[in-house]
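Read the structure below first, then the notes.
Nothing in this text is a laboratory measurement; each read-out follows from the coordinates by a stated rule. Keep in mind that this is a model prediction, so the values were computed, not measured.
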Amino acid sequence: MGMDTNRLLLELEQTIRTLNREIINPEIPSLTLDGLCPVMCMVATTRAAYLNELFHTATEVGRNMPSTEQVTKLRALRETYEEMVSGAQALETAIQRGYLDVSEGRKKQAS
């Protein structure tokens with residue numbers, strides 16, 4: 001790659017970073033660990049539901065094949081879980097790239 005190409009790519013990266021911050025940051029309040037907990041809880045809840053259904057189905061069918069209905073239910077739970085993971089990863093990427101403001105702070109725990 002020539003110098004002109006490298007310079008263009010660097011400027012493009014900076015423009016993308018600036019645009020993402022200008023567009024995303026106003027939409028989401030400054031993040032704290034406490035503020036992120038509901039998102040992480042939602043991901044964990046969907047993971048638990050998916051895994052619970054997997055074990056429930058396995059127990060129910062034993063060595064037999066699961067029914068179409070069981071597979072459909074498991075697929076829906078997996079898709080929900082994967083969508084939540086994808087969203088959490090997008091949030092993590094936005095934090096890493098500086099698109100969102102991050103505040104220090106946790107709520108003080110009662111003694």
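What is the gain in length, in nm to one decimal, between Ile95 and Thr59 on full extension, counting 0.36 nm per residue of separation less the C-alpha to C-alpha distance?
Numbers: separation 36, 0.36 × 36 = 12.96 nm, distance 4.08 nm.
Value of the extension gain: 8.9 nm.
How far is helix 3-24 tilted off the main Cα axis of the chain, in degrees rounded to 10, range 0 to 90?
Rounded to the nearest ten degrees, it is 60.
Take every Cα-Cα distance within the chain, group them into 10 Å bins from 0 onward, and report for each bin the whole-number percent of pairs it holds.
Result returned by the calculation: 12, 26, 22, 19, 14, 5, 0.
Measure nothing fancy, just the Cα-based angle from helix 33-61's long axis to the longest principal axis of the chain, in degrees from 0 to 90, nearest 10.
With rounding to tens, the tilt is 30 degrees.
For helix 68-96, report the angle its Cα long axis makes with the longest principal axis of the Cα atoms of the chain; keep it between 0 and 90° and round to the nearest 10°.
20 degrees
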